[in-house]
Protein chains: 2
Amino acid sequence: MDLKTVLTSSPGKIILHGEHAVVHGTTALASSLNLRSYLQLISSPDEITLNFPDLDLQGSWDTKTTDETFSALVKYGDDGDAFLDDVALETLKDFAGLSDDITTKNLAVIAFLYLYICIFKSKSSSELPGLKALATSNLPTGAGLGSSAAFSSSLAAGLLLVSGTIPVPSDGTDWTKGHYQVINRWAYQGERVIHGNPSGIDNAISVSGGALRYKAKVFEPLDEMPSLKILLVNTKVARSTKVLVAGVKDRLEKYPGVIRPVFDSIEEISQRCQSALTSLRNIEEKVTSESRDNSSNRCELYQTMEELIDMNQSFLKILGVSHRTIEHICSVTAEFDIHSKLTGAGGGGCVFAVIRPDFSEETLKKVMAKLKDFGYDSWITSIGGVGVSYHPDVEDVKIQGFSLPNNFPA
Amino acid sequence: MDLKTVLTSSPGKIILHGEHAVVHGTTALASSLNLRSYLQLISSPDEITLNFPDLDLQGSWDTKTTDETFSALVKYGDDGDAFLDDVALETLKDFAGLSDDITTKNLAVIAFLYLYICIFKSKSSSELPGLKALATSNLPTGAGLGSSAAFSSSLAAGLLLVSGTIPVPSDGTDWTKGHYQVINRWAYQGERVIHGNPSGIDNAISVSGGALRYKAKVFEPLDEMPSLKILLVNTKVARSTKVLVAGVKDRLEKYPGVIRPVFDSIEEISQRCQSALTSLRNIEEKVTSESRDNSSNRCELYQTMEELIDMNQSFLKILGVSHRTIEHICSVTAEFDIHSKLTGAGGGGCVFAVIRPDFSEETLKKVMAKLKDFGYDSWITSIGGVGVSYHPDVEDVKIQGFSLPNNFPA
């Protein structure tokens, strides 16, 4: 082990357009969300110690016992990657003492131990090393923002660095494409432990950053994605994605002649949004030289994005996946000429709005205060930013402008 | 003149589904609204006296002068109907003393005098008779509920009765199809004086009652229309239909791939609503014999109508013709599980909801009180009822259950 300490971070994601319709063959657009999950790994003798303060979770395991228990259970795929089969995974749950209580936080522990064992066992047959892990996040959990994928991506990158499977990025920031693929493969394994059968979208976005479009289970990264300021609001209403997806299917079966055209409209909305993002990116690249012309073009593009958001929110309501709180948040922000829509499964979860660069900071504060009065949490953040990252030191994180949680050690 | 006194009434209308989309070739469904315009004509010597208390309008004209002024100006069409050309219409406005002030209420006076002169001049070349006219209405004006068509229909029927052009209905209630056609022709003339170039839908519904579908300027009455209880709410927000229609066109031009499918969905909504209405009517006809089975079918049909209303309200929002007050009313009624949509041009105007027969009267009162607190007027009324009617006496009106305005003389 070359590195004594590594700090990695990965973004969450939002669906810009196409949620639900994507299940029925429509294009969806997803983007990285610059609320991030952070992981610090510190080399430490004889023990694996986890400290996930956000989840109010701590635990430690003796490396030797862990090694003895799992060395014999680890299997290897054709690609040389170690894995634990379903039986071994149950053993892992028992070992962690969490088999009877499969909550989100416990699944995070299982995912940690899974990746820890398998990544080190893939690299060498030597003994598992001692590690202290501190994980923390700006992302609310269970809100459809890909918090588990962000955790898995940071974890995969951190463990791959510590194990020496991938190097520190040569220019200090970017890995090679192949390294990102390795991180993504392991991040998906973490997601699989947590979610069972994930689509792979959340970890793909978390690793790559930027935006991607997906249709019929094929992902395609968008080369051009401007960084956009957004307002993100959490309804704090829990919901079942499964039930919501089934509800859309029911509505389609009852009203095919009404709902099929809705999918066509949403397809077009995704396409138009992608075009607007590309145009905005192109304008921003030229912004210094021809700033006057650009300003009116940019204004039109923001207006288009706002109109697409408004229309899609209504389409999602027609699909039956909106919620009283979502409507409420949309109407509160509308009073300030902020155009919001749900993101992801709906039925609660989060709502977002794209904020124009010239939007008054003071007004934004008023909006957020008003949302707070109604009991909603909100954040000003950005989308389209970088994916999984290695941070040489904590100060560097701050310099890069990431919002490091308060409970993270400097 | 056989009749010394006649009392007529005609209903307003609401658009159930298809407003705006109808301009782009989609089917719309319109229904009579049992808020009515009432007209009483009383034979009287030497003067035409108008009293329209709702419009705070009174006036009187000497019959002899009127006759002398217009006898020479009246022209006759191929059908033998008298008419005033545009020049004569200007003379009429001058004569009424209203040429400089073309407000709704003044147009009602012009329409009255126009029909009065032309109907009597069509019937005979004798002198115009003296008449006292009292008009009053439960319909708000300028709210898209066809108040002018209801006024024109009552007026046409009243004048045609007094002039002896049509007889008192033989069975006391219904005229022949031909008589309704005559009334409708004159009602359209009244609408034309008031609106310039009306579609003819409002007067058609007001005369026939029930419901009709229209598409590509063709009207088709629906034979089967159940009488449905509705909650009608007036936003009291004035708007320009012309501006709203233009806004939809702009949106279609900017987002054809999003908006064209919306028209397809609305077409299907109109079709599905028509089917539901027919099924409901069929069930109601059989309701006494097989009431248990019917009750669950009926419940499903009401649910379908509610879902169609919810979905269409969102589509209309996508077309850009909703309004803050409309959304607000929809959200207030939604709290009581009442499903509302705008009707007509939108951008203000009225909102309606179909109320299930078993919906609690007490809750309805609560909803209306809450709406009142927010400054909205609301009515419980019905749709699908009778069209233009002759009432042998005022008591008879009450027996028929019509809500005669307070200012109407018993």
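Summarising the amide proton neighbourhood of B:LEU16: residues at separation of 5 or more, or on other chains, whose placed amide H is nearer than 5 Å comprise B:LEU29, B:ALA30, B:SER31. Summed over both chains, the area buried between B and A is near 2000 Å², taken from the accessible surface of protein heavy atoms with a 1.4 Å probe. Overall, the accessible surface of the protein assembly as shown at a probe of 1.4 angstrom is composed of carbon and sulfur to the extent of 49 percent. Calculated mean residue ellipticity, 222 nm, chain A: -15000 deg cm²/dmol, from DSSP H runs (n ≥ 4) at -39500 (n - 2.57) each, averaged per residue and rounded to 500. According to the Cα-based calculation, Rg over Rh for the stretch B:228-383 is 1.01, with Rh computed by the Kirkwood formula.
The angle separating the long axis of helix B:104-123 from the principal Cα axis of greatest extent in chain B is about 60 degrees. Partner shielding of A:307-320 amounts to 5, given as the average count of beta-carbon atoms from other chains within 10 Å of each residue beta-carbon.
With K and R counted +1 and D and E -1, the other residues having a Cβ less than 14 Å from that of B:TRP379 yield a net charge of +4. Take each residue in A:246-257, count the other chain C-beta atoms within 10 Å of its C-beta, and the mean is 2. Taking Cα atoms only, the orientation of helix A:177-195 departs from the longest principal axis of chain A by about 90 degrees.
Taking the Cα atoms only, what angle lies between the long axis of helix A:291-318 and the longest principal axis of chain A, rounded to 10 degrees? For A:291-318 against chain A, the angle is about 80 degrees. Out of every Cα-Cα pair that the stretch B:22-154 contains, those further apart than 25 angstrom amount to 32 percent. Peptide packing for A:53-65, A:273-285 was compared via the average number of neighbouring C-beta atoms within 10 Å per residue; ordered from the highest value, the list is A:273-285, A:53-65.
Taken along the Cα-to-beta-carbon direction at a fixed 7 Å, the label points for B:GLN58 and A:GLU47 span 9.8 nm.
Starting from the label point of A:HIS24 at 7 Å along Cα→Cβ, the same points in the other copies fall at 1.8 nm, in ascending order.
Close Lys pairs in the stretch B:228-383, defined as Cα atoms under 26 Å apart and 8 or more places apart or on different chains, number 28.
The Cα trace of the stretch B:78-189 gives Rg and Dmax of 14.5, 45 Å, the first to one decimal, the second as a whole number.
A Cα-only calculation for the protein assembly as shown places Rg and Dmax at 35.0, 118 Å. For the residues A:SER296, A:SER152, A:SER314, a GNM of chain A with alpha-carbon springs under 10 Å puts the largest fluctuation on A:SER296. At 7 angstrom along the Cα-to-beta-carbon line, where would the label on B:GLY375 sit relative to the other copies? Give the distances in nm, shortest first. Those separations, rounded to one decimal, come out as 2.8 nm.
Between copies, B:GLU300 shows label-point distances of 5.1 nm, shortest first, with the point placed 7 angstrom from Cα along Cα to C-beta. Over the stretch B:1-135, accessible surface divided per residue gives 39 Å², non-protein components excluded, 1.4 Å probe. Size descriptor for chain A, Kirkwood hydrodynamic radius: 22.2 Å (Cα pairs only, one decimal). Using only the C-alpha atoms, the convex hull of the stretch A:156-255 corresponds to 180 Å³ per residue. Need one number: the % of Cα-Cα pairs in the stretch B:156-208 sitting beyond the 13 Å mark. Across the stretch B:156-208, Cα pairs with separations above 13 Å total 57 percent.
Looking at the protein assembly as shown, the DSSP beta bridges with both ends there are about 95 percent antiparallel.
With a 10 Å cut-off around each Cβ of A:268-275, the average count of Cβ atoms from other chains is 2. What is the sum of charges around B:LEU92, taking Lys and Arg as +1, Asp and Glu as -1, for the other residues whose C-beta is under 12 Å from the C-beta of B:LEU92? Summing Lys/Arg as +1 and Asp/Glu as -1 gives -3.
Ranking B:ASP223, B:ASP171, B:ASP202 by solvent-accessible area of protein heavy atoms (1.4 Å probe, all protein chains present), from largest to smallest, gives B:ASP223, B:ASP171, B:ASP202. Under Stokes-Einstein, with the Kirkwood radius over Cα pairs standing in for Rh, what whole-number D in µm²/s applies to the stretch B:1-72 at 37 °C and 0.692 mPa s? Result for D is 205 µm²/s. Of A:TRP379, B:TRP175, the order by accessible heavy-atom surface (1.4 Å probe, DNA, RNA and ligands excluded), from most exposed downward, is A:TRP379, B:TRP175.
Scaling against 2.2 N^0.38 Å puts the C-alpha radius of gyration of the stretch B:82-141 at 1.22.
The values are calculated or read from the model by the stated rules, or taken from the named source; none is laboratory data. No experiment lies behind these values; they were computed from the predicted model shown. Neighbour counts run over all protein chains shown; Cβ positions are idealised from the backbone, glycine included. In case anyone asks, the SASA skips ligands and DNA or RNA and just uses the protein heavy atoms, side chains included. Shrake-Rupley method; radii C 1.70, N 1.55, O 1.52, S 1.80 Å.
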